[in-house]
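Working notes for the structure below.
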Amino acid sequence: MKKLQTQIKTIAKNLASLADKLEKLTGQLESAPAKAKPKAAAKPAAKKAAPKAAAKKAAAKPKKQAPAKKKAVEGDAGKETVLDNVLDVIAKSRNGATIANLRSKTGLESRQLSNALYKLGKKGQIKTISRGVYVKA
C-alpha cells in the first residue's frame, strides 16, 4: 500500500512539472513573433487537478473498441460478408484452398480467417480435405 502511495505521489509531481512546462511553452508561443498565425488559438492551461484524481486518470487505460462486424442485411444486396468472401475463394479453387492462399486473397487476419472457416464448417458449406486445405461441400 505504501508503495502504491509513493508511486501516486511521484506521478502527481511529474504531472505538476509537466503542467509547468506546458505553461512556459504556451507563454513562449504567445510572446514569439508570429510568422503565420494558426487558425485556432492555443487553449489556456487547465487548472491543476487533485493529485489523487490525476493519478487515477493517468493509471486508467483506454478501452479497446471492437472492429465493426460485417453482416449481410436484406437491404445490402451488393455487399458481401466475410463468410461470403472466404466461401467464394474456396469455391473458385480447383484443388482446395490453403490457409496461405485464403489469407492473401481475402486480406483477413489469422483470427478472422479461423473464425470464418469454423463457421462455414459448422454450416456444412465447406469440408476439410487435409489439415489447412478446404473445399466447398
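Each value in this text was obtained by applying a stated rule to the coordinates, not by laboratory testing. The shown structure was predicted, so the numbers you read here are calculated from the model rather than taken from an experiment. Cβ coordinates were reconstructed from backbone atoms using ideal geometry, including for glycine residues, and neighbour counts include every protein chain displayed.
Based on Cα coordinates alone, diagonalise the gyration tensor for the stretch 82-136, multiply each eigenvalue by 5, take square roots, and list the semi-axes in whole Å, largest first. Before the final figure, lay out each step's value.
Working: eigenvalues 38, 32, 21 Å².
Sorted largest first and rounded, they come to 14, 13, 10 Å.
Subtract the Cα-Cα distance of Ser114 and Ala91 from 0.36 nm times their separation in residues, and report this length gain in nm to one decimal. Write down the numbers at each step before the final one.
Numbers: separation 23, 0.36 × 23 = 8.28 nm, distance 1.71 nm.
Taking Ser114 through Ala91 to full extension adds about 6.6 nm, to one decimal.
For Glu30 paired with Ala137, estimate the spin-label separation in nm (one decimal), with each label point 7 Å from Cα along the Cα-to-Cβ line.
Inter-label distance under the simple model: 7.0 nm.
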